[in-house]
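The values are calculated or read from the model by the stated rules, or taken from the named source; none is laboratory data. Just so it is clear, the structure is predicted and the values come from calculations on it, not from any experiment. Methodologically, a virtual Cβ is constructed for each residue, glycine included, from the backbone with ideal geometry; neighbour enumeration extends over all protein chains shown. Each accessible area value is taken on the protein alone, full model and side chains, heavy atoms only, with ligands, DNA and RNA left out. Shrake-Rupley method; radii C 1.70, N 1.55, O 1.52, S 1.80 Å.
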Amino acid sequence: MATIKEISKLAGVSAAAVSRVLNQDDTIAVSPEVKKRIFKIAHELKYVPPRMRHAQKKKEIVIGVADWHIIRTDRTNIRLSSLDLIVKSMSGKQEVKFCRLDKNQPGQYDGIMAFGVFSQEEMEFLRMQSYNIVFINSDPKNYEYDSIVMDFTKGINEMLDYLMVRKKYRSVGFIGGLYEEGQVKIGYRRLEGIRDSFIESGYYAEENFYIGEISRESGYELAKKAILSGHLPEAVLLGSEEVAEGALEAFQDAGLRVPKDIAVVIYKDIETIESKWPTYTKVRMFPDIVWQTAIKLLLEQITEGRKDNMTIYLPTKLEVGDSA
């Protein structure tokens, strides 16, 4: 195991400074660059500080969830409240607490689940919160951390095959939203992937794509616009539960019945609201196996001290219901 002395030598600072930085002593007067260098070297040498060694033995483990690139800051991640059930189904011995990680508020976590693509500065911030990180749908090519890579196209392609080949619908469209605040952009990669899948399958029509904001109000207005356009597609993918809430209200107001008059598939990302349509057909981007795998990888790092990193590829999933 690496020592404070080895890190001190490579970082070019005193052993005392290294010790205080790695133990997150906020009173120490060192520059952010020095802190980043110390954490980077410690991670590369696979150093485990005493507080992390203690975490391997303690009863409750705290896992932070960094989801700010896929969930708006003014929305909650309701999925966190049910993750303890997944942990209990895996092993009844370990108690795990899940917290939504605030990118502006440092904390101490035994492990981190990080969703989406992060800047180098954000990577450094995450590294300073915990040594144990699993990146989900980030695909870091340097294999420095455990990662789960999602095959988003599989679920969309399965949906298109189901709608257009098996069910024989003649047209399919998309109603969804985008969100941008500072450097945080939500929905852009999703939209690009969906559009690419539609194009490659030969079912893309620009006039059937309606893009607005990620909200119920936007979903209503976009669906209303599609209805009034005169070329409403026979089947439509709704980009989130919030967009679906507004769009389905617009369909109902227009006297359209699901699925008799229009087939509906809901894109299920990380959940921010309880679904009002649990029996509807959906493309599930983060099925339970993603959470189970992420938890398993983190617990191996935290409780067993595994240091070899791995990348796991998991597919998205089409779940056929009664709306299409």
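Numbers below:
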{"item": "0 to 90° range, to nearest 10: angle between helix 32-44 axis and the chain longest Cα axis", "result": "90 degrees"}
{"item": "Mean Cβ count within 10 Å, highest first, over the residues of peptides 298-309, 76-87", "result": "298-309, 76-87"}
{"item": "Average accessible area per residue (Å²) across the chain - probe 1.4 Å, nucleic acids and ligands excluded", "result": "48 Å²"}
{"item": "CD proxy at 222 nm, helix term only [per DSSP H run n ≥ 4: -39500 (n - 2.57); per residue of the chain; nearest 500]", "result": "-11000 deg cm²/dmol"}
{"item": "Probe 1.4 Å - accessible area at Glu206, Å² to nearest ten", "result": "100 Å²"}
{"item": "In order through segment 158-175: 3J(HN,Hα) via Karplus (6.51 cos²θ - 1.76 cosθ + 1.60), integer Hz, x for Gly, Pro", "result": "4, 4, 5, 5, 5, 5, 8, 9, 7, 8, 6, 5, 9, 8, 9, x, 9, 10"}
{"item": "Hz values of 3J(HN,Hα) by residue in segment 269-274 - Karplus curve (6.51, -1.76, 1.60), Gly and Pro given as x", "result": "9, 4, 7, 10, 9, 5"}
{"item": "Alpha-carbon centroids, segment 271-324 and segment 230-260: separation in whole Å", "result": "26 Å"}
{"item": "Percent carbon-and-sulfur accessible area, the chain, ignoring ligands, DNA and RNA, probe 1.4 Å", "result": "50 percent"}
